[in-house]
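Peer 1: Before I ask anything, let me first share the structure, which is written out below as structure tokens.
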Amino acid sequence: MKRFKKIILACLITTPVLLINGCTKLDEKVYDQLITDNFYNNKNEVLSAVLRPYTHANAWVTPSGQDGWWRPAELSGDQLAWPTKGRHGEDGGKWKRLHYHSWLVDDGPLN
């Protein structure tokens, strides 16, 4: 009986000590929900979110600079196209000439 009392006393002392050291700050960070209060508040935030994938495309397309070896190799084949809209992306027609294999001596990527 004396041994049983010691076990009960040990359990009564150990249990509160273990419970006191439990978690006290239980604030949860929610990662699967969008809070509309601080999400896309203005035009610049929307544009930066929409254009984010294209910022990495520039580094992927041009690993060794703007006129590196990769871009001329892909544009001269049919793997990649250089879309133009009006004068934007025209660059003097050098990318179209590269695509149609009608490049000139002055075109930088091939020299």
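Peer 1: Specify which of the listed residues (V61, V17, V46) is surrounded by 10 or more Cβ atoms within 10 Å (Cβ to Cβ) and at pLDDT below 80.
Peer 2: Answer to the check: V61.
Peer 1: Can you name the residue in region 71-100 that is surrounded by fewer than 17 Cβ atoms within 10 Å (Cβ to Cβ) and among the hydroxyl-bearing types (S, T, Y) and, of all such residues, is modelled with the highest pLDDT?
Peer 2: Result: Y100.
Peer 1: Return only the number of the condition from (1) part of a loop (DSSP other than H, G, I, E, B); (2) at pLDDT 80 or above that G68 does not satisfy.
Peer 2: If we test G68 against (1) part of a loop (DSSP other than H, G, I, E, B); (2) at pLDDT 80 or above, just (2) comes out false.
Peer 1: Answer with yes or no whether T15 is hydroxyl-bearing (S, T, Y) and assigned to a helix (DSSP H, G or I).
Peer 2: yes
The values are calculated or read from the model by the stated rules, or taken from the named source; none is laboratory data. Everything numeric in this text was worked out from a predicted model, so none of it was measured. Because the Cβ atoms are built from the backbone with ideal geometry, glycine has one as well, and the counts that use them run over all protein chains shown.
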